[in-house]
Amino acid sequence: MISQENTEILVVGGGVGGTVAALQAAHCGINTILVSEEVWLGGMLTSAGVAAPDGNELATWQTGFWGAYLRQLQHRQPGGLDNAWVSMFTYDPRVGAAIFADWVNQQPNLTWISGQTPLEVYQQGNQVLGVRFADWDIRAKIIIDATELGDLLALSCNYRWGWEWQSEFGEPSAPTGLNELSSRYPVQAPTWVVLMQDYGENDRAPVIAASSQDNPEIFAGAWGNYGAQKFLDYGRLPGDLLMLNWPISGNDYGVNLGRLVASDAAKEEFLQEAKGYSQSFARFMQNQLGRRYGLAKNVFPQADSGFALHPYYRESRRLQGMVTLTENEILPAAGGRVAGLPWTATGEVSAIAIGNYPNDHHYPGVDFPLQPKSLPWGGRITGTPFTIPYGCLVPATVEGLLVAEKNISVSHLANGSTRLQPVVMNIGQAAGMAAALCVKFNCQPQELPVRKLQEALLRSRFAPATIIPLFNLPPEHPDWLKWQLFYLDNPDAYPLDGNCPHLTQFESPIVTGDRYRGIFVQHNQHEYSLQVRGRSWKLVTLRPEVNEQFLTLASGKLVSLWGNYNPAGDWLVVEKMDRL
């Protein structure tokens with residue numbers, strides 16, 4: 001028997017964007033139902049096994065629910081988050097899943113239903129009214145598609161899948177037309193993440209069985225240019241866990257990707273192959289490095305619990321929205337270190353979320369060159385910050401619908417920067433806030449004034465979210481709100497170097513880590529180390545005030561600093577530094 005429900009907001013999809021969208025709507029006091037396919041919430045960050053988020057890592061970008069999530073991880077994860085070199089934050093995915101579940105269960109006006117996928121979208125004219133699932137029929141004022149592959153888009157409105165040519169958007173990295181690469185890989189390849197465990201040098205893990213996709217020759221040389229130890233440390237998680245999400249002759253799987261959206265049967269066929277392919281890679285790793293390494297036990301809630309619940313999807317069906325974000329809008333402005341701010345037709349800034357990841361595309365066996373958007377900062381490489389316009393979340397023609405995942409209105413090329421976990425959290429928060437405001441003002445998403453949404457995000461009681469990217473303005477700075485509003489009112493004054501001028505002196509009130517004392521050495525303009533009695537540590541930081549010290553302190557000075565040692569990267573993550 002099908003249960004029927006009416007609510008104000010329905011969020012379909014319990015991944016990163018959907019969970020945060022539902023939480024934000026509920027925090028606004030709006031009755032919300034969240035429907036997920038999986039028994040874990042959090043998608044890429046948890047059930048897909050990618051417990052090593054990329055992008056938005058600098059302290060100034062740790063805002064909104066993304067910042068709140070990091071603080072919870074730092075509080076709950078034994079052993080801390082400095083474990084790998086691919087990410088500044090790695091953790092046990094069970095910890096992440098518990099955080100999302102706790103947050104959802106704390107909201108009395110948020111109902112979570114798991115184990116359901118959308119089967120039909122109810123529409124009247126151009127307005128979406130509800131969604132039918134196997135066991136539920138739910139009607140809502142505003143519906144948010146936060147599925148991993150844009151499932152509601154396929155049932156309700158126009159969408160994109162695959163590449164755009166240079167003639168469409170004028171993107172510098174776009175091909176002029178169909179070629180071998182775009183034919184073979186219409187979208188980026190997903191990865192079925194598998195977690196291995198280091199059982200110790202005196203232990204022998206169970207033998208990993210061969211899968212139907214077993215073909216060890218194709219993985220030969222996977223970590224040849226890195227060495228075994230660096231390969232193992234790439235996605236090292238606490239508790240001797242190792243995340244296999246390796247891009248070089250690794251477990252990205254891209255054979256006949258069109259099956260993902262062709263039919264349920266074709267999709268299931270692809271998924272079984274992708275999982276078997278990752279099993280084959282794990283078996284190859286065990287055969288090469290020994291039975292000290294085996295599948296992790298009791299991590300994910302299923303029998304073969306070393307395997308994630310579903311693939312890490314890098315690309316989805318993509319909305320045809322009021323605005324489409326392209327590669328041009330994520331690249332640095334001429335002569336600058338930030339992308340330009342997006343504008344509405346009436347001259348307002350339309351930004352509602354920030355990202356900064358370098359543009360990264362995954363096509364197995366192919367090195368695809370893209371226009372660079374990386375830059376040095378804090379002793380390491382980060383990416384050009386950019387913003388997501390509100391119109392990317394809003395369909396061009398369909399009412400009652402918003403999107404909150406990798407399915408936003410974005411080009412195939414720009415998706416390489418917008419697909420990452422932290423920026424999708426930001427998108428989800430904006431979508432949830434927009435939906436709540438639409439209910440409050442009894443308006444459609446197309447009618448919502450973007451300034452009302454921006455101010456609501458900036459003034460959120462639970463998780464205020466940055467709208468304007470500024471390298472030197474962390475969210476705990478006493479002038480943060482003042483300068484965010486200033487650049488919304490005066491976008492022509494937005495600095496090309498991304499640094500807010502005339503800031504009052506400020507130092508983070510929270511300092512963690514151990515104390516070190518030694519000689520500060522600047523090796524070149526953006527590489528630094530600490531020399532202590534013949535030992536040298538590379539120095540990196542996520543803090544703007546420490547980055548400023550790195551840039552201005554003369555080499556050879558005696559310093560005292562507080563930081564966390566990351567053995568995988570063999571670097572100190574500096575929280576505070578004083579000259580002695």
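The values are calculated or read from the model by the stated rules, or taken from the named source; none is laboratory data. Treat the numbers as computed from the prediction; the structure is a model and nothing was measured. Cβ coordinates were reconstructed from backbone atoms using ideal geometry, including for glycine residues, and neighbour counts include every protein chain displayed. Areas reflect the complete protein model, heavy atoms only, side chains present, ligands, DNA and RNA absent. Shrake-Rupley method; radii C 1.70, N 1.55, O 1.52, S 1.80 Å.
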### Message
To make sure I understand the rule: partners must be aspartates and glutamates, Cα under 13 Å from the Cα of LYS297, and not fewer than 8 residues away in the same chain. Which ones qualify?
### Response
ASP92, ASP198, ASP240
### Summary
Using a 1.4 Å probe on heavy atoms of the protein chains only, the accessible area for ASP82 in Å², nearest 10, reads 40 Å²
### Message
How much accessible area per residue does the chain have, counting only protein heavy atoms and a probe of 1.4 Å, in square angstrom?
### Response
38 Å²
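Express the C-alpha Rg of the chain as a ratio against the empirical globular expectation 2.2 N^0.38 Å, rounded to two decimals. Could you put the intermediate results ahead of the total?
Numbers: Rg = 23.3 Å, N = 580, 2.2 N^0.38 = 24.7 Å.
So the Cα radius of gyration is 0.94 times the expected 2.2 N^0.38 Å.
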### Query
Cα-Cα over 30 Å: which of LYS373/LYS576; LYS141/LYS373; LYS267/LYS452; LYS230/LYS275; LYS230/LYS373?
LYS141/LYS373; LYS267/LYS452
### Message
Check which residues have an amide H placed less than 5 Å from TRP377's amide H, if you skip close sequence neighbours.
### Response
THR382
### Query
GLU168 label point, 7 Å along Cα→Cβ, cut-off 19 Å on backbone N: hits in region 404-448?
405-419
### Query
So what are the ³J(HN,Hα) numbers for region 189-199, from phi and the Karplus equation (6.51, -1.76, 1.60; θ = phi - 60°), rounded to whole Hz, Gly and Pro as x?
6, x, 9, 8, 5, 10, 9, 9, 10, 8, 7
### Message
Could you tell me the center-to-center distance, by alpha carbons, between region 79-103 and region 421-483 in angstrom?
### Response
25 Å
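At 24 Å minimum axial length over the Cα atoms and a Kyte-Doolittle cut of 1.0, report the qualifying DSSP H helices in the chain, or say none. Don't skip to the end; give the middle numbers.
Values: long enough: 264-289 (37 Å, -0.85); 421-441 (30 Å, 1.06).
Answer set is 421-441.
Past the 29 angstrom mark, what percentage of all C-alpha to C-alpha distances in region 369-527 do you count?
Working: 3818 of 12561 pairs.
Above the 29 Å cut-off, region 369-527 has 30 percent of its Cα pairs.
Output needed for region 439-497: three equivalent-ellipsoid semi-axes, defined as square roots of 5 times the C-alpha gyration tensor eigenvalues, in descending order, whole Å.
Working: eigenvalues 114, 45, 13 Å².
Listed largest to smallest, the semi-axes of region 439-497 are 24, 15, 8 Å.
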### Query
With the Cα gyration tensor of region 540-580 giving a ≥ b ≥ c as the square roots of its eigenvalues, does the rule (a/c under 1.5 for rounded; else a/b larger than b/c for prolate; else oblate) give rounded, prolate or oblate?
prolate
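Taking 30 Å as R0, compute the FRET efficiency from the Cβ-Cβ separation of GLU268 and ALA220 and round it to 0.05. Before the final figure, lay out each step's value.
Details: r = 30 Å, r/R0 = 0.99.
Once rounded, the FRET efficiency stands at 0.50.
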### Query
Taking the Cα centre of each part, how many Å lie between region 32-47 and region 556-580?
38 Å
### Query
Rounded to the nearest whole Å³, what is the per residue volume of the convex hull around the Cα atoms of region 245-392?
185 Å³
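Need one number: the % of Cα-Cα pairs in region 180-328 sitting beyond the 28 Å mark. If you can, show how the numbers build up before the last one.
Numbers: 2725 of 11026 pairs.
Counting every Cα pair in region 180-328, those more than 28 Å apart make up 25 percent.
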### Query
Which translational diffusion coefficient, to the nearest whole µm²/s, is obtained for region 472-580 from the Stokes-Einstein equation, given a Kirkwood hydrodynamic radius over C-alpha pairs, 4 °C and 1.567 mPa s?
85 µm²/s
### Message
At a threshold of 8 angstrom on Cα-Cα distance, excluding pairs fewer than six apart, so keeping six or more, what relative contact order does the chain reach in percent?
### Response
18 percent
### Task
Kindly give Rg over Rh for region 7-115, based on alpha-carbon atoms, with the Kirkwood expression for the hydrodynamic radius.
0.98
### Query
So how far, in whole Å, is the C-alpha centre of region 355-403 from the one of region 235-298?
25 Å
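Determine the share of the chain's accessible area contributed by carbon and sulfur atoms, expressed in whole percent, with a 1.4 angstrom probe. Working shown, then result.
On the way: 10350 of 22030 Å².
Of all accessible area on the chain, carbon and sulfur atoms account for 47 percent.
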## Note on the structure
Expected vector for region 34-50, Karplus 3J(HN,Hα) from phi with 6.51, -1.76, 1.60 and θ = phi - 60°, integer Hz, x for Gly and Pro, equals 10, 10, 10, 7, 9, 8, 9, 9, x, x, 3, 7, 9, 5, 8, x, 8
### Task
Tell me what the chain gives for mean residue ellipticity at 222 nm when only DSSP H runs of n ≥ 4 count, each as -39,500 (n - 2.57), the sum divided by the residue total, rounded to 500 deg cm²/dmol.
-7000 deg cm²/dmol
### Query
What percent of all Cα-Cα pairs in region 126-226 falls in each 5 Å bin, counting up from 0?
2, 7, 10, 12, 11, 12, 12, 12, 10, 7, 4, 1, 0
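For region 1-66, what number results from the quotient of the Cα radius of gyration and 2.2 N^0.38 Å?
On the way: Rg = 14.2 Å, N = 66, 2.2 N^0.38 = 10.8 Å.
Taking the Cα Rg and dividing by 2.2 N^0.38 Å, one obtains 1.31.
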### Query
For the pair ILE381 and GLN505, how long in nm is the line joining their label points, each one 7 Å along Cα→Cβ?
3.7 nm
